[in-house]
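This report refers to the structure that appears directly beneath it.
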Amino acid sequence: MGKTITEKIFAAHLRDTPSAGNAILDIDVVMCHEITTPIAINDLMERGMDRVFNADRIKAVIDHVTPAKDSKTALQGKIIREWAHRHKIKDFFDIGANGVCHAIFPEKGFIRPGNTVIMGDSHTCTHGAFGAFSAGIGTTDLEVGILKGVCSFRTPETIKITINGTLPDGVFAKDIILSIIKRLTVKGATDKIMEFSGPVVDKMDMAARMTMCNMAIEAGATCGVCLPDMVTVDFLWPFIKDDYASREEAAADFKKWHSDPDADYAEELTFEVSSLSPQVTYGYKPDEVKDIAEMSGTAVDQVYIGSCTNGRIEDLRVAASILKGRKIAAGVRGIVSPATPKTYSMALEEGLIKIFMEAGFCVTNPTCGACLGMSNGVLAEGEVCASTTNRNFNGRMGKGGMVHLMSPLSAAAAAIKGVINDPREL
Amino acid sequence: MKEFGGACVLLDRSDINTDEIIPAKYLTENSKLALKPYILEDLKLNGFNPKTSLEGARVIVTRQNFGCGSSREHAVWVFEVNNINVVIAESFARIFRQNTFNCGMLAIELPKEDIEAIFAIEAKEIKVDLKGQEITALGNGKHRAAFTLNPFDQELVMAGGWLPYADQKY
């Protein structure tokens with residue numbers, strides 16, 4: 001019997017099998033941010049266990065609320081900052097160099113095919129885009145990860161998702177993943193891996209693959225994963241060029257992680273995207289998804305472009321493409337948060353920031369802020385936001401607020417018209 | 001190991017998410033105890049009032065996919081600091097379930113029929129027999145249900161959580 005990519009990664013990292021179906025894995029990369037890590041640090045200190053298993057394999061960032069908005073968030077930053085300095089964690093990104101964790105860590109080349117990655121953040125599944133096993137975990141798992149470099153998982157089954165066809169103009173990875181979550185429901189992939197493949201995924205750039213894998217958790221999945229190929233190699237090349245004689249050699253090496261043709265899947269689903277329309281959520285669950293035409297005319301108070309789902313340069317380019325020479329509708333607040341300093345710099349150089357500003361957008365520093373209603377764009381009761389983020393839970397962006405998830409193009413179109421509309425008609 | 005069982009509260013909805021259990025704005029707290037007043041603050045459910053409905057509760061009974069969404073362990077701690085250390089559901093989101101066992105608490109999965117029966121008798125109390133892997137719900141009648149704990153999860157509960165377990169073993 002062949003193995004899936006995830007089974008191969010599990011086999012290569014297996015430390016222990018405490019009972020049938022449970023695996024203790026050695027972890028390659030433990031990532032930390034200032035919301036879930038400070039309590040772990042405090043607890044380890046109280047227990048007299050303030051140690052790290054390997055400072056080079058721990059990556060840390062302040063991203064959720066930055067700059068600090070009040071004394072409590074300032075303290076969270078202080079705790080993780082002092083901890084990073086105390087343990088000589090060199091890959092620590094603080095203000096001026098910080099960005100949204102699931103955008104900045106891939107940008108730095110920290111995640112490689114075949115890696116195991118954990119973070120106290122549910123959207124850690126993003127990094128499966130590189131052919132890694134990457135999972136969100138809680139603070140206790142994080143503590144053990146920091147201390148011992150191991151984490152426990154139930155041996156996951158895999159849902160193979162083949163995406164066929166040709167993606168139409170105006171339709172993006174975000175629309176595909178929303179349509180997949182709609183079919184699977186918010187619990188359809190619980191305890192499972194979503195393995196994305198097929199001609200549409202083969203053609204996707206890493207940003208699009210990250211958008212897909214990022215939202216795997218919204219169907220309950222442990223991780224989304226794409227098979228590492230030449231697209232992966234090209235993205236990682238600056239970081240791996242000394243390890244391989246050529247890009248072809250790297251791509252051939254990455255193939256060792258590919259799922260075998262006779263691998264066993266829990267389920268195999270096929271999606272045909274040639275006639276897919278832009279998608280949008282309508283309720284308080286990410287599986288409550290409709291064609292955007294069905295929501296056309298819904299008024300919005302705020303438009304948010306950013307987050308670990310859709311705050312990358314590719315997303316900003318798409319949004320700017322229809323904002324150029326246009327103004328956002330009167331009464332609509334537009335907010336764009338480039339996900340990393342590099343994204344921000346590129347957007348400046350490419351003239352995108354000017355386009356956003358001339359259209360009437362507020363451009364914030366890189367931060368998660370508004371996505372989870374912590375800062376930089378919290379909604380008031382009864383307000384509606386067209387958002388490129390990943391969760392539309394009740395109260396997510398502010399108590400009593402409503403969030404409609406969509407692609408950056410659809411969000412930009414909503415900003416221009418002041419109502420949700422099909423961006424292909426603009 | 002903790003003591004399990006006691007008065008229960010029934011939350012009759014699937015997909016109760018972590019933002020409903022503890023909204024993100026409280027994630028700036030640096031102690032578990034500080035979360036205490038905010039339990040289930042954003043949960044909108046007929047007849048449920050987070051300020052009064054949970055008085056004396058030790059056990060939560062609910063439907064499918066409880067704890068979906070964020071990885072925040074705050075969603076487990078907020079129960080812990082309110083003296084609730086058992087959640088019984090038809091199914092859980094993976095991270096919430098793991099966080100619960102990692103804290104030495106119980107996330108018990110029961111078949112739909114048993115959950116239906118517990119709701120049907122409007123259970124007021126749940127007795128938990130961890131050794132015998134059985135719960136007894138008491139309300140307008142009595143319902144007993146067997147449950148199965150993964151042996152590893154059971155070890156975590158016995159050890160008082162993943163940190164003491166892992167510290168000793170790895």
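The values are calculated or read from the model by the stated rules, or taken from the named source; none is laboratory data. Keep in mind that this is a model prediction, so the values were computed, not measured. Virtual Cβ from ideal backbone geometry, glycine too; neighbours counted across all protein chains shown.
Within 19 Å of A:Glu268 (Cα to Cα), of a type in the set (Ser, Thr, Tyr) and modelled with pLDDT of 95 or more: is that true of A:Thr166 in this structure?
no
When the residues of the range A:109-121 are narrowed to those that are outside any strand (DSSP E or B) and either of a type in the set (Lys, Arg) or within 14 Å of chain B (Cβ to nearest Cβ) (or both), which ends up farthest from A:Met204 (Cα to Cα)?
Filtering the range A:109-121 for residues that are outside any strand (DSSP E or B) and either of a type in the set (Lys, Arg) or within 14 Å of chain B (Cβ to nearest Cβ) (or both), the one farthest from A:Met204 (Cα to Cα) comes out as A:Gly120.
Which of (1) within 26 Å of A:Ala23 (Cβ to Cβ); (2) away from chain A (no Cβ under 14 Å); (3) of a type in the set (Val, Ile, Thr) is the odd one out, the single condition B:Thr136 does not satisfy?
Failing condition for B:Thr136: (1).
Just one of (1) touching a Phe, Trp or Tyr at 6+ places or on another chain (Cβ under 9 Å); (2) farther than 16 Å from B:Arg13 by Cβ trips up B:Gly67, so point out which.
Result: B:Gly67 fails condition (2) only.
Are any residues in the range B:17-32 part of a helix (DSSP H, G or I), more than 7 Å from chain A (Cβ to nearest Cβ) and crowded, with 19+ Cβ neighbours inside 10 Å, and if so, which ones?
Result: B:Thr18, B:Ile21.
Would you mind finding the one in A:Ile217, A:Ile161, A:Ile180 that is on the phi < 0 side of the Ramachandran plot, more than 14 Å from chain B (Cβ to nearest Cβ), assigned to a helix (DSSP H, G or I) and in contact (Cβ under 8 Å) with a residue 60 or more places away in the chain?
A:Ile180
Are any of the residues in the range A:122-129 closer than 15 Å to A:Met210 by Cα and either out of contact with any strand residue (DSSP E or B) (no Cβ under 8 Å at 6 or more places or on another chain) or at the interface with chain B (Cβ under 7 Å from one of its Cβ atoms) (or both)?
Looking for residues that are closer than 15 Å to A:Met210 by Cα and either out of contact with any strand residue (DSSP E or B) (no Cβ under 8 Å at 6 or more places or on another chain) or at the interface with chain B (Cβ under 7 Å from one of its Cβ atoms) (or both), one finds at least one in the range A:122-129, hence yes.
How many residues are assigned to a loop (DSSP other than H, G, I, E, B) and hydrophobic (A, V, I, L, M, F, W, C) if we restrict to the range A:362-405?
Qualifying residue count, the range A:362-405: 7.
Within the range A:27-66, how many residues turn out to be more than 22 Å from the chain's Cα centre (by Cα) and either assigned to a loop (DSSP other than H, G, I, E, B) or aliphatic (A, V, I, L, M) (or both)?
Adding up the residues that qualify gives 14.
Are there helices (runs of 4 or more DSSP H) fully within the range A:236-335 with at least 1 residues that are more than 22 Å from A:Ser197 (Cβ to Cβ) and among the hydroxyl-bearing types (Ser, Thr, Tyr)? List them.
In the range A:236-335, A:307-310, A:313-323 are the helices (runs of 4 or more DSSP H) which contain 1 or more residues that are more than 22 Å from A:Ser197 (Cβ to Cβ) and among the hydroxyl-bearing types (Ser, Thr, Tyr).
What do you reckon, is B:Gly139 at positive phi and of a type in the set (Gly, Ala, Ser)?
Spelling it out, it is not the case that B:Gly139 is at positive phi and of a type in the set (Gly, Ala, Ser).
What number of residues within the range A:187-206 satisfy the criterion of being crowded, with 24+ Cβ neighbours inside 10 Å and hydrophobic (A, V, I, L, M, F, W, C)?
Selection size over the range A:187-206: 4.
Conditions tested, residue by residue: (1) more than 13 Å from chain A (Cβ to nearest Cβ); (2) surrounded by fewer than 24 Cβ atoms within 10 Å (Cβ to Cβ); (3) farther than 20 Å from B:Gly161 by Cα.
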{"position": "B:Arg13", "(1), (2), (3)": "no, yes, yes"}
{"position": "B:Ala34", "(1), (2), (3)": "no, yes, yes"}
{"position": "B:Ala89", "(1), (2), (3)": "no, no, yes"}
{"position": "B:Phe92", "(1), (2), (3)": "no, no, no"}
